[in-house]
1. Largest first and to the nearest Å, give the Cα extent of the range 239-280 along each principal axis.
2. Between 182, 79, 255, where does the largest GNM mean-square fluctuation fall for the chain, given springs only between Cα atoms within less than 10 Å?
3. Neighbour counts of other C-beta atoms within 10 Å: give me 152, 1 arranged from fewest to most.
4. Using Cα pairs under 8 angstrom and six or more residues apart, how large is the relative contact order of the range 1-117, in percent?
5. In square nanometres, what is one fourth of the surface area of the convex hull spanned by the alpha carbons of the range 1-133?
6. Report the percentage of all Cα-Cα pairs in the range 165-280 whose separation exceeds 21 Å, rounded to a whole percent.
7. Report relative contact order for the range 1-63 in percent, whole number only (criteria: Cα-Cα under 8 Å, sequence separation at least 6).
8. Rounded to a whole number, what is D in µm²/s for the chain from Stokes-Einstein with the Kirkwood radius over alpha-carbon pairs (10 °C, 1.306 mPa s)?
């Protein structure tokens with residue numbers, strides 16, 4: 001299944017992508033957004049049975065796939081090539097930092113470059129979406145807790161990120177982080193540990209390219225590890241890290257200045273396409 005949250009004239013709605021009469025259509029799931037929908041333990045059955053009303057895919061206004069998650073946990077240093085380009089050792093444990101709901105954008109929303117930075121950077125991320133509450137999960141519980149996967153562009157404000165040894169202030173800028181367009185269930189992409197190609201393109205130029213099969217810490221491990229620390233709830237997001245090719249690691253460095261079109265895509269999951277606007 002492919003599920004999403006869209007904006008309509010009457011507010012946001014949780015929807016499912018289906019093919020009706022040979023055309024792709026979005027079917028209403030009876031909830032205002034995917035976070036609310038996933039909170040129902042019977043969400044999988046409800047999604048399978050949903051039939052009406054419908055919305056056109058063409059021109060659909062995608063909201064963040066989960067607009068108000070209780071938490072967004074991000075993982076740094078999880079692709080070996082990216083770790084090496086940043087000049088660091090392979091970690092023994094995941095490097096974690098938070099994001100917040102206020103940072104999230106829809107898959108096609110513009111990214112407004114903050115006036116306070118000259119070091120705006122891109123980071124394609126493979127994201128785990130939690131589908132049921134879990135704490136101190138074992139392998140089976142971790143697998144069962146994963147509703148599916150989505151795409152994120154973890155836009156980073158590098159000059160603020162590296163003001164201190166702790167990164168959060170460079171990662172939590174308002175309305176900076178596209179996520180979506182769809183939550184895709186594991187059966188659509190080869191299972192709970194899929195090997196999917198991930199890419200970032202800036203104005204058509206490939207900047208990042210790797211495969212989720214090379215993650216140091218896979219989705220099941222991350223759900224186990226993070227749920228040991230804190231309860232994971234339906235709609236929570238775990239961004240699993242970015243591969244090599246970020247602008248900050250290039251020589252010379254390359255940053256987003258405004259006017260660029262940034263595409264972050266993962267095979268089988270979808271595409272975020274975002275225009276960078278000049279300083280707010």
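The numbers here are math on the coordinates, done by the rules we state, and not lab data. Keep in mind it's a predicted model, so treat the numbers as computed, not measured. Cβ sites come from the backbone with ideal geometry, for glycine too, and all protein chains shown count toward neighbours.
1. Principal extents (Cα only, largest first): 32, 24, 15 Å.
2. With Cα springs under 10 Å in the chain, the top fluctuation among 182, 79, 255 is at 255.
3. Ranked by crowding around the Cβ, least crowded first: 1, 152.
4. Result for the range 1-117 is 22 percent.
5. Averaged projected hull area, Cα only: 11.2 nm².
6. Roughly 47 percent, rounded to a whole number.
7. The normalised contact order for the range 1-63 reaches 36 percent.
8. The calculation lands on 85 µm²/s.
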